[in-house]
1. Do we have any residue at all in segment 179-186 that's over 17 Å from G123 (Cβ atoms), touching a Lys or Arg at 6+ places or on another chain (Cβ under 9 Å) and open to solvent by 20 Å² or more (accessible area, probe 1.4 Å)?
2. Count, please, the residues in segment 250-282 that happen to be assigned to a helix (DSSP H, G or I), within 20 Å of G167 (Cβ to Cβ) and open to solvent by 20 Å² or more (accessible area, probe 1.4 Å).
3. State whether one or more residues within segment 82-89 are over 22 Å from L237 (Cβ atoms) and either aromatic (F, W, Y) or in the same structural domain as W223 (by TED's automatic domain parsing) (or both).
4. Quick test of your reading of the structure: I70 fulfils all but one of (1) touching a helix residue (DSSP H, G or I) at 6+ places or on another chain (Cβ under 8 Å); (2) within 30 Å of N219 (Cα to Cα). Name the failing condition by number.
5. Could you please let me know if A145 is more than 11 Å from the ligand (Cβ to nearest atom), open to solvent by 50 Å² or more (accessible area, probe 1.4 Å) and either under 21 Å from V32 (Cβ atoms) or assigned by TED's automatic domain parsing to the domain that holds R37 (or both)?
6. Say whether the condition of being open to solvent by 80 Å² or more (accessible area, probe 1.4 Å) and within 16 Å of the ligand (Cβ to nearest atom) is met by at least one residue in segment 198-218.
7. Any residue at all in segment 37-48 that is open to solvent by 20 Å² or more (accessible area, probe 1.4 Å), assigned by TED's automatic domain parsing to the domain that holds A109 and at pLDDT below 95?
8. Within segment 145-182, track down each residue that is among the basic types (K, R) and either in a helix (DSSP H, G or I) or modelled with pLDDT under 95 (or both).
Amino acid sequence: MTAVGVIGLGNMGRGMALRLASTAHRIAGYDVSREARQQIAAEGIVVVETLAALSARSDLLILSLPNAEIVEAVMKGVDGVLAHARPGTLIVDTTTSYPATTKEVAALAKGKGLAFIDAPVSGGPKGAHAGTMTMVIGGEAADIARAEPILEAISAKRVHVGPVGAGHVAKLVNNLLCASHLLTAAEALAIIRGAGLDPAQVLAGVNAGSGRSGVTEINLPNWVLNGAFNSGFSIGLMRKDVGLATRLVEELGLDLPMATVVAGIWEEAFTRLGASTDFNAITAHPDFASSPFHQRGRA
Ligand code: NAD
């Protein structure tokens with residue numbers, strides 16, 4: 001039986017660990033936060049006290065960490081995965097990370113006889129817990145095939161999008177599109193309400209037409225129109241992802257005005273609404289006006 005170790009037991013990692021435990025996989029976890037370790041231990045998951053010990057005892061490691069810098073530290077640190085994992089260990093990075101970091105740590109892993117795939121996820125903490133996430137995966141086909149029994153337990157849909165790092169490119173493109181669609185949906189809602197119409201009724205028409213998006217079909221009915229705003233994904237995380245997407249745009253030497261506009265508005269949302277506010281709350285602010293778009297428009 002594959003010994004699986006989950007590194008990072010937050011909203012997503014905790015859900016994945018619990019899901020894997022419920023599907024009879026041998027599972028253990030580590031988190032830098034004592035609170036996270038205690039919480040999941042109380043839920044019956046084996047907690048290992050150091051990263052080095054978890055790395056050494058696992059056949060497959062799942063990373064679910066806040067960002068690329070932390071992935072780098074967890075991989076390269078003296079106590080980390082590269083120093084302590086056994087040759088043959090397969091690392092699955094589900095973090096929304098940065099493609100260049102992914103390629104670098106994957107190459108280092110390969111040099112140590114380890115395998116690395118990037119498999120960022122969507123579906124939120126509920127999807128992690130239920131095993132219904134979607135994964136976009138970068139890596140070699142043989143490594144992905146080896147991970148399949150574990151990936152299959154935590155996700156409902158998996159798409160192999162290219163070599164290592166491609167999963168993180170796909171994830172950043174996806175989230176940039178979602179972040180953009182939320183802003184256009186905010187303006188659409190303002191128009192519908194301004195016209196004195198019922199948003200749910202008008203959106204039923206939009207969703208039958210070519211203007212529909214994941215936001216109009218999923219976010220608006222589930223988290224916005226009912227006032228719930230409890231998706232489990234925050235403005236802070238979306239701002240991070242949009243920031244990574246614009247960093248990639250710069251790295252590629254592209255000039256993409258829409259990406260710049262969207263990033264400016266999410267910065268403003270972060271400042272005015274706070275990091276922990278549900279990301280869908282931006283739909284209540286179609287008037288966020290200090291965006292670069294307005295400045296460009298006036299120039
Ligand atoms: P989170 O902040 O809830 O969890 C991250 C965990 O990593 C925390 O428990 C933290 O203590 C731990 N951690 C930090 N540094 C560590 C270290 N050096 N060693 C071990 N553990 C460490 O974040 P999350 O919501 O679970 O998201 C995890 C990743 O998944 C992020 O990259 C996020 O962008 C991505 N993601 C999140 C969602 C969502 O809806 N929350 C959806 C899709 C993707």
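1. No, that holds for no residue.
2. Quick first cut of segment 250-282, residues assigned to a helix (DSSP H, G or I) only: 250-251, 257-273, 279-282.
After this cut, where a residue has to be within 20 Å of G167 (Cβ to Cβ) as well, the list is 251, 259.
Applying the additional criterion that residues be open to solvent by 20 Å² or more (accessible area, probe 1.4 Å) yields 251.
Final tally of qualifying residues: 1.
3. We begin by selecting, within segment 82-89, every residue over 22 Å from L237 (Cβ atoms); these are 82-89.
Going one step further and asking which of them are either aromatic (F, W, Y) or in the same structural domain as W223 (by TED's automatic domain parsing) (or both), we end up with none.
Within segment 82-89 (the criterion being over 22 Å from L237 (Cβ atoms) and either aromatic (F, W, Y) or in the same structural domain as W223 (by TED's automatic domain parsing) (or both)), the answer is no, since none of the residues qualifies.
4. The one condition I70 does not meet is (1).
5. On the way: more than 11 Å from the ligand (Cβ to nearest atom): yes; open to solvent by 50 Å² or more (accessible area, probe 1.4 Å): yes; either under 21 Å from V32 (Cβ atoms) or assigned by TED's automatic domain parsing to the domain that holds R37 (or both): yes.
Judged against the criteria, A145 is a match.
6. Going through segment 198-218, the residues open to solvent by 80 Å² or more (accessible area, probe 1.4 Å) turn out to be 201, 208, 210, 212, 217-218.
Going one step further and asking which of them are within 16 Å of the ligand (Cβ to nearest atom), we end up with 218.
Checking segment 198-218: at least one residue is open to solvent by 80 Å² or more (accessible area, probe 1.4 Å) and within 16 Å of the ligand (Cβ to nearest atom).
7. Let us first name the residues in segment 37-48 that are open to solvent by 20 Å² or more (accessible area, probe 1.4 Å), namely 37-39, 41-44, 46-47.
Within this subset, residues satisfying the condition of being assigned by TED's automatic domain parsing to the domain that holds A109 are 37-39, 41-44, 46-47.
Checking which are at pLDDT below 95 leaves us with none.
There is no residue in segment 37-48 that is open to solvent by 20 Å² or more (accessible area, probe 1.4 Å), assigned by TED's automatic domain parsing to the domain that holds A109 and at pLDDT below 95.
8. Step one: list which residues in segment 145-182 are among the basic types (K, R), which gives 146, 157-158, 171.
Correct list: R146, K171.
The values are calculated or read from the model by the stated rules, or taken from the named source; none is laboratory data. These numbers were taken from a predicted model, which means no experiment stands behind them. Quick reminder, even Gly has a Cβ in these numbers, built from the backbone with ideal geometry, and neighbours come from all protein chains shown. Calculation scope for accessible area: heavy atoms of the full protein, side chains included, ligands and nucleic acids excluded. Shrake-Rupley method; radii C 1.70, N 1.55, O 1.52, S 1.80 Å.
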